[in-house]
Amino acid sequence: MKIERLPLNALRAFAEAVRENSFKAAASRLGVTPGAVSRQVKQLEDRLGVVLFERHANGVCATEAGRGLAEDVQAGLLRIASGVQNVTERSEDAFRLLLSAPPSFLQLWLLPRLPGFEASERHIEISLDAEARLTPPLWMPNRARLSLRYGQGPWPGVTSQRLFEDTLFPVCSPTLLAKEDIHEPADLMAQTLLTVDWCSQAGHPIPSWQDWFKNAGVAIKKLPHQRQYSLYSLALDQAMAGQGVVLASYPLVADRLASGVLVRPFGEQYPLASPFAYELVLPSEGVTPPAVARFIEWLEQEAAHFRGTAL
């Protein structure tokens, strides 16, 4: 029989009926009625001139000829499905990349830059997951999962690629700076300090205002009033609104410093080098898919603009 004349729908219904030994169960798997499966099988029998099922009052049973044909049909359908899957996995047009990163990093650093990459790589579909916990990275032929993390490695069971170090320093709105008497670090003791409820990383505490004051040479017994937020972006919004001073992570405020909505009250003085860094977390085994390699290269180029420019 020529391939263009093969009754593929009938063959699929027949193979499912043999597998389930039931027209009703086959119909359920195929999403059709038992009557439709019965008609497909009868049409196939008439076309081949061979009885494929014995019909009984309490059900059906495949004949010897039916069982033999079913093995060949099922093998052929599996071969077709495998071929379709291989083509899909080799096609970069269907490549999907899931990137997990802390919410503030996504909002303040990645999202403003991502359209530039997407414009040149339209066949890569990027999904973002605002997740502070480490999501296990994954390579697959047509999709991948990566994580961007702020912390202190090494990360267990994975490899990591450092994007940039971090530096912390106070920032506030230019309006607040103009009306308040802020000339040296000790002057911040009279201001509202905005803080973020960071989670500690593997037992290492996130640098705090107390660390910054110590680094700036200010001896303190008790910190002034602090206002705490669960997200870094919320603290930055309040700082831009003139509600206080926030201890800034350089990559997250670089755009706002460039636009002038935030300023450093002491210029480039009194930076605090953070023990934490922004790192891209990758699988420890396997070959990097070409689409992911291009994304990583772009990410490296963007991160390079921030290396050595925070001080």
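The values are calculated or read from the model by the stated rules, or taken from the named source; none is laboratory data. Bear in mind the structure is a predicted one, so any value in this text is a computation, not a measurement. Virtual Cβ from ideal backbone geometry, glycine too; neighbours counted across all protein chains shown.
Summary of values
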read-out	value
Looking only at the range 150-200, and only at residues there that are in a strand (DSSP E or B) and acidic (Asp, Glu), the one that is surrounded by the most Cβ atoms within 10 Å (Cβ to Cβ)	ASP166
Single residue of the range 4-23 satisfying the filter (closer than 19 Å to GLU71 by Cβ and without any contact (Cβ under 8 Å) to a residue 12 or more places away in the chain) that is surrounded by the most Cβ atoms within 10 Å (Cβ to Cβ)	GLU20
Selected residue (only one of GLU125, GLU131, GLU184 is touching a residue at least 24 places away in the same chain (Cβ under 8 Å) and in the same structural domain as TYR232 (by TED's automatic domain parsing))	GLU184
Flag if ASP255 is in contact with a helix residue (DSSP H, G or I) (Cβ under 9 Å, 6 or more places away or on another chain), acidic (Asp, Glu), in contact (Cβ under 8 Å) with a residue 12 or more places away in the chain and at negative phi	yes
Hey, ALA26 without any contact (Cβ under 8 Å) to a residue 24 or more places away in the chain and surrounded by 14 or more Cβ atoms within 10 Å (Cβ to Cβ) or not	yes
Residue check, SER208 in contact (Cβ under 8 Å) with a residue 24 or more places away in the chain and either within 18 Å of PHE169 (Cα to Cα) or of a type in the set (Asp, Glu) (or both)	yes
Selection within the range 241-262 - surrounded by fewer than 20 Cβ atoms within 10 Å (Cβ to Cβ) and out of contact with any His (no Cβ under 9 Å at 6 or more places or on another chain)	ALA241, GLY242, GLN243, ASP255, ARG256, LEU257, ALA258, SER259, GLY260, VAL261
The listed residue being part of a loop (DSSP other than H, G, I, E, B), in contact with a strand residue (DSSP E or B) (Cβ under 8 Å, 6 or more places away or on another chain) and modelled with pLDDT under 90, out of PRO224, PRO251, PRO275, PRO265	PRO224
Residue in the range 263-295 that is farthest from the chain's Cα centre (by Cα), counting only those that are closer than 22 Å to ARG149 by Cα and surrounded by fewer than 16 Cβ atoms within 10 Å (Cβ to Cβ)	ALA273
